[in-house]
Amino acid sequence: MSRIEVRKTYKLFIGGAFPRSESGRSYEVVDKEGNFIANPAMASRKDARDAVVAARSAYVGWSGATAYNRGQVLYRVAELMEARRDEFIDEVSLSEGIGKGKAGKIVDAAIDRWVWYAGWSDKLGSILGATNPVAGPYYNFSIPEPVGVVALIAPQDSSLLGLIDLLGAALTTGNTVVALASEASPLPAITLSEVLATSDVPGGVVNILTGRTKEVAPWLASHMDVDAINLAGVAAEDVRNLAGEATDNLKRVIAPKSRDWLKTPTLEAMTSLLEVKTVWHPVGI
Amino acid sequence: MSAPLANAALLDGTDHRALHRFLLALPAVDQVGAEGRAAMLATRSIKTSSKVYAIDTAISMIDLTTLEGADTPGKVRALCAKAVRPDPTDPTAPSVAAVCVYNDLVGIAREHLDSIGGKQIHVAAVTTAFPSGRASIAVKLQDTRDAINTGASEIDMVIDRGAFLAGDYGKIFDEIAAIKEACDSGEKRAHLKVILETGELVTYDNVRRASWLAMLAGADFIKTSTGKISPAATPPVVLVMLEAVRDFYAKTGTRIGVKAAGGIRSTKDAIKQLVLVNETAGEEWLNPTLFRIGASALLNDLLLQRQKLSSGHYSGPNYVTLD
Amino acid sequence: MSLFKYAAAPESRAIVNIASSYGLFIDGEFVDGTGTAFKTINPATEEVLSEIAEGSALDVDRAVKAARRAYSKVWSKMPAAERGKYLYRIARIMQERAREFAVLETLNNGKPIRESRDVDVPLAAAHFFYHAGWADKLEHAGVGSAPKPHGVVGQIIPWNFPLLMLSWKVAPALATGNTVVLKPAETTPLTALLFADVCRQAGLPAGVVNIVTGAGATGAALVSHPDVNKIAFTGSTKVGKAIAREIVGTEKSVTLELGGKGANIVFDDAPMDETIEGIVNGIFFNQGHVCCAGSRLLIQENVQDEVLDRLRKRMAQLRVGDPMDKNTDVGAINSAAQLGRITELSNTGDSEGAERWSAPCDLPAKGFWYAPTIFTGVTQAHRIAREEIFGPVLSVLTFRTPAEAIEKANNTPYGLSAGIWTDKGSRILWTAARLRAGVVWANTFNRFDPTSPFGGYKESGWGREGGRHGLAAYLKQGEQA
């Protein structure tokens, strides 16, 4: 008889810890054939609320760290992902119902995408910043700054790479994140949480929820302490509504676009999560 | 900062506006530069014979402190016993400089110290509505006299931080001068430490100004903190205060002491403080008449390190006493 | 300091493993050189550390050929992101072997272990880390949408920051897709040779980095080699001019990072204690062997006495001695030759009528040492105000007005660095705008970062290193669409 595996329990990732949902609920995730895989936690609006609180309190430290430090921390995450490459391949393959070969390509792309983002952290200032030659005896400079707490509704059909594509953009720019994983394929997101928890990413910088998109997304979209939201994983028929809810505090809204996740993103993924601050100072003796 | 300090009005506090102008004209402290200097001094590697010297010197500079609402006579007596003989297994360990208690326990401390061979150990009392400093001058003076009358030879007063942040430097000057007078009026002159509560002053510029204000008003010691809030005696804060006493000496010929209190928990922390003293004010300050460390848990860590240096192996909590 | 005189706190040498001799690192392995081997020493003790191969013109040719092969067959074909990952590996390995590098750098260069450990090595690793991230982002560097590398670059580095200068050269060259032949300075080859081992551990393809040790002749052979597309040189202005003469008008690109005589300007409202630290740091950090040293102190005349008084007191606290002692502030002069130059030029300070004051210190009997020294009463006409001493010697001048400070600061053929000390923001910006210098530090000094472009105006050189601007030297614009 072959050995019985010790199966993983899939919980939420909030504030650097792994709590179950405060609602006590979970939901069944199955593979392509309908076989049982796991019962990940089903996040409630209160979990979403707690995640936003965690992200807000982690914001000062993360955005205040040097860009070099953020780049180092993000690169370390890639190192740990690489070490767990096989595990990710298994989960992506199972979750998305694809072969190991294709899953391998996706996981490699996800790791490389993360490295790409890590390398942006200390370069954005030089590219997006400027000194502005104003017509007067003033030194005037513009610098990019993170918007704050970013909510990500991860794409439904790309269980790892799509999430990473969104997450990397938010983190390298200095934002903190509450992400809602793909509803039907959430497991790679929780394994990613384990990588985050064992790297040097401070607790609360990334928070990952699993559960029903239709239930949780509206609470993030309407949350007055969320500064930006990416609606990638929201159903087409719900986008308009959620974008509308988001306007109550004029949070920045990134509408879903169809994307080949394997392709390198444009700078817009990052610039859409950045503010620009311009400072004036007189020049004189 | 080349204006001389010969202005008598400045020194006797009658010209509050001149005082105000003087303090605001002190040179700025660059935060990044000051923190950089403190960080560089923290890399000094103090080993072997220097470490032995530093540990024993640090112990002799400790004001062993208990300042809790729950303090009892029993607690104070235990503290005094520890102050006299910090390491029961090793009589070569020096005694501390002082015990520091609330003023209603001064009598108990003094009596007990005298009865166990601790006559040379001072009793310092915190007064003037410590830690907040929010009370009338009458209350603050009475607080101080009570302490002196029951045997305190050192008074640790707090400045009115509200007055400082509101810019009323004259009020603070007058209060310090009044407390100083009370210290001078007992049978034996009590020495006065003035607590700046640097954590509430926040900027190094304020720490510099408050240091000069206290020294001009008659402080014998300037002290960083009450120990009740954080941050307290961080290295850059102590650096700025040491610079102030150094410069005050250059201007007036008088040496004022510095007491670092709050947040100094390990031997490493204490040694960093001594390096700061050594390389800022100078070796004249390397003794308990001019430098003190306000601490409680620190003493045990110093003793553990001391034991390691003499025995060659790491020690543990069972080999030092809990008061 | 007799009460609390810090006991000796030596860093252990055990971590380094110096071979008795080294060959040249060409095409991924160590090979014998065909020149005349020479010794490399520890300048603090004059102890011989190892025997180093001299790269002859033949060896240089061999290295260039290896670099060309690696470029055409491997490096130029490799996807940019993969190139970047090699650089990330190198950065990580340098961090892992940080202590080993720091000890070796101190033994071979003479600089205090505290500096190698806290400044040189971390910055060197950071340069690789930063540039690793550029490899696959070059279309955003501001050099067109499809920039191309030059091919094979020849790089010649100085002895004052051996490992750091190596990283300033090699990291951007590789990130942009070039391959490298590097010639370390004659007196400080060891950390470059250890770096070769890092390349091995990182699995860097053979020939991408080649290290050819030697002196002036080896460097000249590299500069004049017909198959080198670009030269990057850091060193003296004299040699820089010779290189420029050789290359200008040919197809080769060149960047030069040369000497300086930086003016450190102190206004009367400067934050006094931090300013004194900045003056000391500006000229005594790294024994003054710094191209961007603040070697001319310009004090506003009305605070001259106070600044000098505090400066002397502070200098008297400098700990000069064994570089391997963790408490040493000022280490050894790198070579007998350099000590001779410092001594000779400083003596003109005496003979031309300036007033010398040196920090009292006990200098060791063996090795090369110079006490930290200031000359007051210096004017622009003095040789010690015009010529780069490259040692722990500060020339002190005064000024009356901001405009006069600018005039004096700019009155030099050099233009590498300058410092401004004042509490007033608008004055910082006004002064910075008028200084003809490539790097201006305000209320700080000797700050370096991979993201921050570094380089000089006028005779201090051509081009910048670091930051987005520093990449440009290693790229050419792609074809117009």
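Taking every DSSP beta bridge that has both residues in the protein assembly as shown, what percent is antiparallel when rounded to the nearest 5?
Percentage antiparallel, nearest 5: 30.
By per-residue mean of other Cβ atoms within 10 Å, what is the highest-first order of A:5-12, A:65-72, A:217-224?
A:217-224, A:65-72, A:5-12
For segment B:164-250, give the magnitude of the charge dipole about the Cα centre (Cβ charges: +1 Lys/Arg, -1 Asp/Glu; no others), in debye to the nearest 20.
I would put it at about 220 debye.
Taking the Cα atoms of segment B:1-155, report the difference between the largest and smallest coordinate on each principal axis, in whole Å and largest first.
Computed over the Cα atoms, the extents are 53, 49, 29 Å.
Averaged over C:128-134, how many beta carbons belonging to a partner chain fall within 10 Å of each residue's beta carbon?
Whole-number average of other-chain Cβ neighbours for C:128-134 is 5.
Can you tell me what the convex hull of the Cα atoms of segment B:187-323 projects to on average, as an area in nm²?
9.9 nm²
Can you tell me which of B:Lys119, B:Lys259, B:Lys47 moves the most in a GNM of chain B? Springs connect C-alpha atoms under 10 Å apart.
B:Lys47
What translational D, rounded to a whole number of µm²/s, comes out for chain C from Stokes-Einstein when the hydrodynamic radius is the Kirkwood one over Cα pairs, at 37 °C and 0.692 mPa s?
Here the translational diffusion coefficient equals 144 µm²/s.
Evaluate the relative contact order of segment A:36-282 (contact order divided by residue number), counting alpha-carbon pairs under 8 angstrom at least 6 apart; express in whole percent.
For segment A:36-282, the relative contact order is 27 percent.
State the three equivalent ellipsoid semi-axes of segment C:263-452, derived from the C-alpha gyration tensor as the square roots of 5 times its eigenvalues, in descending order and whole Å.
Semi-axes from the Cα gyration tensor: 26, 18, 16 Å.
If the elastic network links every pair of Cα atoms under 10 Å, which of B:Ile256, B:Ile62, B:Ile46 fluctuates the most in the Gaussian network model of chain B?
Most flexible of the set in this elastic network: B:Ile46.
Which distance in Å, rounded to a whole number, links the C-alpha centroids of segment B:57-127 and segment C:386-427?
56 Å
Counting only other chains, what is the mean number of Cβ atoms within 10 angstrom of the Cβ of each residue in peptide C:277-283?
For peptide C:277-283, the averaged partner shielding equals 2.
Taking chain B as a Gaussian network, Cα atoms linked when under 10 Å apart, which of B:Ser310, B:Ser153, B:Ser45 shows the biggest mean-square fluctuation?
Ranking B:Ser310, B:Ser153, B:Ser45 by mean-square fluctuation puts B:Ser310 first.
Highest first, please rank the peptides B:16-23, A:40-47, A:159-166 by the mean number of other Cβ atoms sitting within 10 Å of their residues.
A:159-166, A:40-47, B:16-23
With the Cα gyration tensor of segment A:39-122 giving a ≥ b ≥ c as the square roots of its eigenvalues, does the rule (a/c under 1.5 for rounded; else a/b larger than b/c for prolate; else oblate) give rounded, prolate or oblate?
Note, shape of segment A:39-122 comes out oblate.
Please list 3J(HN,Hα) in residue order for segment A:252-263, calculated via the Karplus relation 6.51 cos²θ - 1.76 cosθ + 1.60 where θ = phi - 60°; whole Hz, with x for glycine and proline.
6, 10, 10, 6, x, 10, 6, 9, 8, 4, 6, 7
Just in segment A:167-240: which trypsin sites (Lys or Arg not before Pro) are loop by DSSP and have at most 15 other Cβ atoms within 10 Å?
Of the trypsin sites (Lys or Arg not before Pro), the ones in loops of segment A:167-240 whose Cβ has at most 15 other Cβ atoms within 10 Å are A:Arg212.
With everything on Cα atoms, drop me the angle between helix A:213-222 and the longest principal axis of chain A, reported from 0 to 90° to the nearest 10.
Value to nearest ten degrees: 20.
Projecting each Cα onto the charge dipole of segment C:263-452 (Lys/Arg +1, Asp/Glu -1 at the beta carbon, about the Cα centre), which of C:Val303, C:Cys291, C:Gly331 comes out farthest on the positive side?
C:Cys291
If you put +1 on each Lys and Arg Cβ and -1 on each Asp and Glu Cβ, how big is the dipole of the protein assembly as shown around its Cα centre, in Debye rounded to 20?
The calculation lands at about 1140 debye.
So, counting K/R as plus one and D/E as minus one, what does the shell of residues with Cβ under 15 Å around B:Ala39 add up to?
Neighbour charge sum, excluding B:Ala39 itself: -2.
After finding the eigenvalues of the alpha carbon gyration tensor for the protein assembly as shown, what semi-axes result from the square roots of 5 times each, listed largest first in whole Å?
Semi-axes, largest first: 51, 43, 29 Å.
Not counting the cut sites, what is the longest span of chain B without GluC sites (Glu not before Pro) that DSSP labels loop and that have at most 13 other Cβ atoms within 10 Å?
Longest site-free region, per DSSP loop and neighbour criteria: B:188-323.
When the Cα centres of segment C:157-210 and segment B:148-187 are compared, how far apart do they sit, in Å?
Taking the Cα centre of segment B:148-187 as reference, the centre of segment C:157-210 is 64 Å away.
For segment A:36-282, build the charge dipole from Cβ charges (+1 Lys, Arg; -1 Asp, Glu) around the Cα centre, then report which of A:Pro202, A:Val216, A:Leu166 sits farthest towards its positive end.
Checked the options; the winner is A:Leu166.
Suppose R0 equals 45 Å. What FRET efficiency, 1/(1 + (r/R0)^6) with r the Cβ-Cβ distance, do B:Thr48 and A:Arg85 give to the nearest 0.05?
0.35
Treating only the Cβ atoms of Lys and Arg (+1) and Asp and Glu (-1) as charged, compute the dipole magnitude of segment A:1-84 about its Cα centre; round to the nearest 20 debye.
Magnitude of the dipole: close to 220 debye.
Based on alpha-carbon positions alone, could you give the equivalent ellipsoid semi-axes of chain A from the gyration tensor, as √(5λ), descending, whole Å?
Semi-axes from the Cα gyration tensor: 34, 21, 17 Å.
To the nearest 10 degrees, how steeply does helix C:162-175 sit against the main Cα axis of chain C, on a 0 to 90 scale?
Once rounded, the angle reads 40 degrees.
Can you run phi through the Karplus equation (6.51, -1.76, 1.60; θ = phi - 60°) for segment A:189-202 and list ³J(HN,Hα) in whole Hz, with x for Gly and Pro?
So the J values, rounded to whole Hz, are 5, 6, 5, 4, 4, 4, 5, 4, 5, 9, 9, 9, 5, x.
Below 12 angstrom from the Cβ of A:Trp62, what's the summed charge of the other residues (Lys, Arg +1; Asp, Glu -1)?
Here the charged neighbours net out to +1.
By how many degrees, between 0 and 90 and to the nearest 10, does the Cα long axis of helix A:100-118 differ from the longest principal axis of chain A?
The angle comes out at about 20 degrees.
Provide Rg and Dmax in Å for segment B:33-319, with only Cα atoms included in the calculation.
18.1, 55
Take every Cα-Cα pair in segment C:403-481 and report what % of them are more than 15 Å apart.
62 percent
Laboratory data are not the source of any read-out in this text; all were calculated from the coordinates shown. In this text the structure is predicted, and so the values were computed from the model without any measurement. All Cβ positions, even for glycine, are placed from backbone atoms using ideal geometry, and neighbour counts span all protein chains on display.
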